[in-house]
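This report concerns only the one structure given below.
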Amino acid sequence: MADELRLEHLDSEALKEHEDAISALYRVTYRDELDDPFHTTERFMERIRNYSKAPGFEFVLGITNDNPAGLALGYPLPAQARWWRGLTTPVDPELIEEDGTRTFALCELMTHPDWQGKGIGHRLHDELLFKRPEQRATLLVDSDNDTARRAYEKWGWRQIGKIRPGLPDAPHYDALILDLTVSMPG
Ligand SMILES: CC(C)(COP(=O)(O)OP(=O)(O)OC[C@H]1O[C@@H](n2cnc3c(N)ncnc32)[C@H](O)[C@@H]1OP(=O)(O)O)[C@@H](O)C(=O)NCCC(=O)NCCS
């Protein structure tokens, strides 16, 4: 099924052209969370517009039958990245040292509900991350998100702590990292 998937790398300009499709994909994928002010479509689109301004921003859109089936996007953390400022658990300071080239932040990975469980999330994940020049990647995941948690564990991610990003209504997340210096899993 995932063989029919087309993967397109889009820059921040192309992202603007696909805003309607991306917000439609978000609304259906996160339909159970849209009542939460942090998870409204408007807030999500605002967040990704901000990410897209970061140097090195990268976005992969997955398309099946000419319709968006999923996406993965992120950017490399700059030196003194705000990303780590919300840590609520102690970590080895060496683990959160950034120089702009060390860590790629995977800010979003989603697959349309009609296409989940068919390998698209994994394909988007690998397409985005294993072509990156950074040594490692990081992501934040809700500890109650069992499907994503299980997938990330299988794909080699490990938790280094807990984070509450610096917005008053932001959720508490598990902070995970992945070594990108190993070759892409088969
Ligand atoms: C998490 C998410 C991106 C996974 O996308 P996906 O396209 O379903 O992922 P895959 O089909 O590649 O499956 C991922 C793993 O989870 C398992 N899985 C996922 N959905 C499954 C389902 N419905 N039934 C059985 N197994 C499932 C698979 O075993 C797979 O493991 P594998 O790679 O070792 O085979 C998707 O569930 C999603 O969009 N969730 C909502 C948004 C979200 O929570 N994003 C993560 C934010 S951190």
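Bear in mind these aren't lab numbers, they're just calculated from the coordinates by the rules spelled out. Here the structure is a predicted model, which is why all the values come from computation and not from measurement. Cβ: placed from backbone, ideal geometry, glycine included. Neighbour counts: every protein chain shown.
When you go through (1) away from the ligand (no atom under 16 Å from the Cβ); (2) under 13 Å from the mean Cα position of the chain (by Cα); (3) polar (S, T, N, Q) one by one for T111, which number turns out not to apply?
Result: T111 passes all but (1).
Quick check on G161: is it more than 12 Å from the ligand (Cβ to nearest atom), part of a strand (DSSP E or B) and not charged (D, E, K, R)? Break it down stepwise before answering.
Numbers: more than 12 Å from the ligand (Cβ to nearest atom): yes; part of a strand (DSSP E or B): yes; not charged (D, E, K, R): yes.
Yes; evaluated as a whole, the condition is true for this residue.
Taking into account only those residues within the stretch 61-98 that are among the acidic types (D, E) and closer than 12 Å to R136 by Cβ, which is surrounded by the most Cβ atoms within 10 Å (Cβ to Cβ)? First the steps, then the outcome.
Just the residues of the stretch 61-98 that are among the acidic types (D, E), to begin with: 66, 92, 94, 97-98.
With the extra rule that they be closer than 12 Å to R136 by Cβ, the set shrinks to 97-98.
Values: E97: 13, E98: 17.
Only one residue tops the list, namely E98.
Looking only at the stretch 105-116, decide whether some residue is surrounded by fewer than 16 Cβ atoms within 10 Å (Cβ to Cβ) and among the aliphatic types (A, V, I, L, M). Explain how you work it out, then say what you get.
First, pick out the residues of the stretch 105-116 that are surrounded by fewer than 16 Cβ atoms within 10 Å (Cβ to Cβ): 113-114, 116.
Next, only the ones that are among the aliphatic types (A, V, I, L, M) stay: none.
So far as the stretch 105-116 goes, no, none of its residues is surrounded by fewer than 16 Cβ atoms within 10 Å (Cβ to Cβ) and among the aliphatic types (A, V, I, L, M).
If the requirement is being of a type outside the set (V, I, T) and in a helix (DSSP H, G or I), which of these qualifies: D144, D114?
Of D144, D114, the one residue that is of a type outside the set (V, I, T) and in a helix (DSSP H, G or I) is D114.
Return a yes/no flag: does the stretch 49-60 have any residue that is over 20 Å from L106 (Cα atoms) and part of a helix (DSSP H, G or I). Show your work before the answer.
Quick first cut of the stretch 49-60, residues over 20 Å from L106 (Cα atoms) only: none.
Scanning the stretch 49-60 turns up no residue that is over 20 Å from L106 (Cα atoms) and part of a helix (DSSP H, G or I).
Consider R102 against the criteria (1) more than 16 Å from the ligand (Cβ to nearest atom); (2) surrounded by fewer than 15 Cβ atoms within 10 Å (Cβ to Cβ): it satisfies all of them except one. Which criterion is unmet?
The failed condition is (2).
With respect to I63, determine if the residue is assigned to a strand (DSSP E or B), within 23 Å of D126 (Cβ to Cβ) and touching an Asp or Glu at 6+ places or on another chain (Cβ under 8 Å).
Judged against the criteria, I63 is a match.
When the residues of the stretch 156-179 are filtered to those that are surrounded by 15 or more Cβ atoms within 10 Å (Cβ to Cβ) and of a type in the set (A, V, I, L, M, F, W, C), which remaining residue is farthest from the chain's Cα centre (by Cα)?
Ranking the qualifying residues of the stretch 156-179, first place goes to I160.
Filter the stretch 1-27 down to the residues that are of a type outside the set (S, T, Y), assigned to a helix (DSSP H, G or I) and surrounded by 13 or more Cβ atoms within 10 Å (Cβ to Cβ) and list them by number.
Taking the stretch 1-27 and keeping what is of a type outside the set (S, T, Y), we get 1-11, 13-22, 24-25, 27.
Among the residues that remain, those that are also assigned to a helix (DSSP H, G or I) are: 2-4, 13-17, 19-22, 24-25, 27.
Within the stretch 1-27, A2, A14, L15, A21, I22, A24, L25, R27 meet the criteria.
If you scan the stretch 1-40, which residues turn out to be over 17 Å from N67 (Cα atoms) and among the acidic types (D, E)?
Passing the criteria: D11, E13, D32, E33, D35, D36.
Among residues belonging to the stretch 71-96 that are touching a residue at least 60 places away in the same chain (Cβ under 8 Å) and small (G, A, S), point out the one that is farthest from D126 (Cα to Cα).
G86
Does any residue of the stretch 118-139 turn out to be crowded, with 16+ Cβ neighbours inside 10 Å, in a loop (DSSP other than H, G, I, E, B) and near the ligand (Cβ under 7 Å from one of its atoms)?
For the stretch 118-139, residues crowded, with 16+ Cβ neighbours inside 10 Å, in a loop (DSSP other than H, G, I, E, B) and near the ligand (Cβ under 7 Å from one of its atoms): present.
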